[in-house]
1. Can you spot a residue in the range 18-29 that is of a type outside the set (Gly, Ala, Ser) and under 18 Å from the mean Cα position of the chain (by Cα)?
2. Can you list residue pairs whose Cβ atoms sit under 7 Å apart, with the first residue in the range 250-268 being more than 11 Å from Ile105 (Cα to Cα) and the second being outside any loop (DSSP other than H, G, I, E, B) and small (Gly, Ala, Ser)? Count only pairs 6 or more apart in sequence or on different chains.
3. Having 1 or more residues that are closer than 20 Å to Lys111 by Cβ is the bar; report the strands (runs of 3 or more DSSP E) wholly within the range 124-221 that clear it.
4. Would you point out which residue out of Asp226, Asp215 is surrounded by 14 or more Cβ atoms within 10 Å (Cβ to Cβ) and either under 16 Å from Leu42 (Cβ atoms) or within 15 Å of the ligand (Cβ to nearest atom) (or both)?
5. Of the residues Lys111, Lys87, Lys102, only one is at pLDDT below 95 and either touching a helix residue (DSSP H, G or I) at 6+ places or on another chain (Cβ under 9 Å) or part of a helix (DSSP H, G or I) (or both); which?
6. Please verify whether the range 75-88 includes one or more residues that are buried (at least 16 other Cβ atoms within 10 Å of the Cβ) and within 20 Å of Ala288 (Cβ to Cβ).
7. Sort through Ile201, Ile253, Ile245 and tell me the only one that's among the β-branched types (Val, Ile, Thr), within 16 Å of the ligand (Cβ to nearest atom) and touching a strand residue (DSSP E or B) at 6+ places or on another chain (Cβ under 7 Å).
8. Given the criteria touching a residue at least 12 places away in the same chain (Cβ under 8 Å) and within 16 Å of the ligand (Cβ to nearest atom), does Tyr49 qualify?
Amino acid sequence: MIYDVAIIGAGPAGLTAGIFTCRAGLKTICVERLAVGGQTALSYSIANYPGVEELSGFEIAERMRVQAESFGLNIVYSIVLKIKKNKSNLTLVTTNGNVLEKKVIIASGCKPRRLGLSREDEFIGHGISYCASCDGGFYRDKIVAVAGGGDSAMEYAVYLSRLAKKVYVLNRSEHFRANPQSVENVRKIKNVKMLTNTKVIELNGEDSLNSIEIDSNGQKKVLNIDGLFVAIGQVPDVDYLGGQIKLDKNGYILVDSEMRTSMKNVYACGDVTSKRFRQVITACSDGAVAGNSCIGD
Ligand code: NDP
């Protein structure tokens, strides 16, 4: 069968796009790699989405999924490997076969940025994590560190402080990038120690991580820790595009005001696009515009 629209990614942007296309009667499939909600599902508290005073990211994403499916969105789980252009349609080549459609909406979001240290891959799941709410439970009464100084790092620190015996927050620069109020809240937590001008330079351990070497204000030190949570931002998830769509210099997809990309009948929305402000509300807004463009173009 040929779908009217195929959406890549079931985060807030993709689900919102699906709500709009399905409500307009377009047969829509959404291909998700891992789990509904994307990065939003990993946030333990969202308090700036209008109409929702405070809810976990997982709960907000679940509500969006239920709403999108109630309008007929078909969510399937596989990894998109390529977008192929045919004579009159497009094809998503996925790990579970091909999906044919007239239009594509890319809403694949971002993935966690890596520290880029040697042995980082080896320790993933053995002392290194990119998600506090997913893996924090493994570090009850242990010593952990959070690398990063943005809002995600502050969220991780608060979450982990309730489980771990001690939490170090390691910010590579002098000033924290996070909202000052969040930084103050973390500063007040007794079992959290915040270090500025501090970089992780080496990861140590045999089968699992047991210490890190840091450069703190020019001095090298070893911190004995059981876990390192990396919260140093995101990078766009666009590897599968293989250069066929125009990106900005940081690798985000360039779109016009109607979310059209440089490829005909391909739209993009949410965190994967080139813009300054990445929040649930802006992802949903982009998704609505992309959905509407598929209806109108
Ligand atoms: P940010 O890009 O905001 O912060 C990244 C942090 O990681 C900065 O402290 C940066 O340091 C540091 N960093 C970057 N690269 C490296 C590196 N190679 N080594 C060490 N440190 C590094 O990312 P976040 O994920 O925190 O936030 C992304 C967006 O999501 C933001 O807009 C944020 O406001 C939003 N967000 C909102 C939340 C909410 O409202 N509840 C919760 C979480 C995120 P430096 O400053 O020195 O560059």
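The values are calculated or read from the model by the stated rules, or taken from the named source; none is laboratory data. This is a predicted model, so every value here is computed, not measured. In this analysis, Cβ positions are derived from the backbone assuming ideal geometry, glycine residues included, and neighbour counts consider all displayed protein chains.
1. The answer is no; no qualifying residue exists.
2. Pairs found: Ile253/Ala268; Val255/Ala268; Glu258/Ser293.
3. So the answer is 143-147, 198-205.
4. Testing whether each residue is surrounded by 14 or more Cβ atoms within 10 Å (Cβ to Cβ) and either under 16 Å from Leu42 (Cβ atoms) or within 15 Å of the ligand (Cβ to nearest atom) (or both) leaves just Asp215.
5. So the residue among Lys111, Lys87, Lys102 that is at pLDDT below 95 and either touching a helix residue (DSSP H, G or I) at 6+ places or on another chain (Cβ under 9 Å) or part of a helix (DSSP H, G or I) (or both) is Lys111.
6. yes
7. Only one candidate passes the filter, namely Ile201.
8. Yes: the conditions hold for Tyr49.
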